[in-house]
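For reference, the structure is listed below as structure tokens.
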Amino acid sequence: MKKTELAGVLALIIFFMIGLHPSLYAQRTHFSKQEYINRRQALMDQVEDGFIILFGEARYIRSADLNPGSHFRQDPDFYYFTGCEDQHSALIMTPADGRSYLFLPRQTDREVRSTGANLLRVPNAKEKTGFSEIYELDYLDEFLARSLSRYGWTFHMRLIPRSTLLYTARRSKLHYNDRVTLDNYRIQKFHERFPAVEFKDVSSAIDELRVIKSREEIEVLRRIGKISAEGVRQAMLATRPGGWEYEIEGAAVGTIISLGSRGPGYPPIVASGLNACTLHYSRNADTTRDGDLVLMDFGGELDYLMVDISRTWPVSGKFSPEQREAYRVCLEVEKACIEAYRPGVTTADVQKHVADTMKAKGIDARGQRGGIGHYVGMEVHDVGPRGVALREGMVFAIEPGLYYPDKSLGIRVEDTVLITRDGCEVLSRDVPKEIDAIEKLLSKRR
């Protein structure tokens, strides 16, 4: 038997040994052409005139990741409506006639050899993707100039950045770092070229579409929920006194990649001991000590969708009485929240249910009230309106936590939840979170 054949057999054996079927995991999911067509039409249905203009990412690394070795990740809005990962690209939609145009840079043969061909070089690309036309990027301004009188002098663009406002404000504390964002620069350039054009913000319309997940998106989320859950399980099994936080991270990342994920959806958090009291600890470079807890915040990505999971477990394999009691409080708050989730429910409704449940069980909630967490989707803290009632198709994470730095004790229990017609579905349910289940899994470590 050849080495490659032997490796394949061993991989299958491992899949079945840990209870996984490769057909459920190790395959790349792609949304259908119709999914992207439907998304574009849904946005155009909300805009009356002019043009909708979106740009692809112009960088090789993902904007939220400090690791220079990260894979290229397309701008979420652009990918949502195109499924296109080609860089330096642009999308124009004309709501008046429901047409959409993709603009891509013309490539030299050398560029194709260096980075690969974009859709301009793919035969029948227009038919395969559902765009009305695919043009070279240097035709963009001329296209707009020729079309203004036909469609109207309005450009609908994302004028409100998704998450860059906070980072821009922080960066601008030092005036040497102060500069306009790329989105703002593009608007300035458009204004110079087309001074009579009116700009309107399309952010709320895009966010509204992204908040409610389609049938195809839900299937991807279910799959990445299973993949990510197994990643966290393997991380738990890789934990040992005297080990390293990054070894735990490596076990999770290696598992999800082997099961079909491109990698983590956000920088993993593996925080032991006092590190768990830093909410966004990311060094993952400390040793794990007997008697401490490990708090892991982790989720994989598949087809630009991700989940968000946090679990806390003892390095030794057994919770101490103090750890057990604090963990139980977090868990019961989270479970009470999940019980309350269904369409029409508000944050106030959830908090009342949590308070009533904790009182009935005689548990001191230690200040935790529960509620509705942050949206999850194409980004771990995804776009969407705050303070609204739940609707079918929403996906978000709930993450109650207790943190006691003086005791080097930090606990968080977090799941990603899909709102269904009459309740909710926990997409990350395959990760143990009951105390007995966690200790039982940890007892299997070699």
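Quick look at the values:
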| quantity | calculated |
| --- | --- |
| Qualifying residue in the range 191-206 (condition: over 29 Å from residue 41 (Cβ atoms) and loosely packed, with under 11 Cβ neighbours inside 10 Å) | yes |
| Of the criteria (1) of a type outside the set (Val, Ile, Thr); (2) in contact with a Pro (Cβ under 8 Å, 6 or more places away or on another chain); (3) under 24 Å from residue 205 (Cα atoms); (4) loosely packed, with under 13 Cβ neighbours inside 10 Å, which one residue 183 fails | (4) |
| Residue 219 surrounded by fewer than 20 Cβ atoms within 10 Å (Cβ to Cβ), part of a helix (DSSP H, G or I), over 17 Å from the mean Cα position of the chain (by Cα) and of a type in the set (Asp, Glu) | no |
| The range 95-144 - residue that is farther than 20 Å from residue 58 by Cα and hydrophobic (A, V, I, L, M, F, W, C) and, of those, surrounded by the fewest Cβ atoms within 10 Å (Cβ to Cβ) | 122 |
| Qualifying residue in the range 273-288 (condition: crowded, with 17+ Cβ neighbours inside 10 Å and aliphatic (A, V, I, L, M)) | yes |
| From 345, 417, residue being at pLDDT 95 or above, in the same structural domain as residue 298 (by TED's automatic domain parsing), in contact with a strand residue (DSSP E or B) (Cβ under 9 Å, 6 or more places away or on another chain) and part of a strand (DSSP E or B) | 417 |
| Selection count, the range 90-129, where residues are in contact (Cβ under 8 Å) with a residue 40 or more places away in the chain and farther than 19 Å from residue 202 by Cα | 3 |
| The range 263-298, subset at positive phi and in a loop (DSSP other than H, G, I, E, B), residue farthest from the chain's Cα centre (by Cα) | 291 |
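Residue-by-condition table, conditions (1) outside any strand (DSSP E or B); (2) crowded, with 16+ Cβ neighbours inside 10 Å; (3) not aliphatic (A, V, I, L, M):
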| position | (1), (2), (3) |
| --- | --- |
| 359 | yes, no, yes |
| 377 | yes, yes, yes |
| 386 | yes, no, yes |
| 390 | yes, yes, no |
| 411 | no, yes, no |
| 422 | yes, no, yes |
| 428 | yes, yes, yes |
| 431 | yes, yes, no |
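The values are calculated or read from the model by the stated rules, or taken from the named source; none is laboratory data. Just so you know, these numbers come straight off a predicted model, no measurement behind them. Ideal geometry is used to build each Cβ from the backbone, glycine not excepted, and the neighbour counts take in all protein chains shown.
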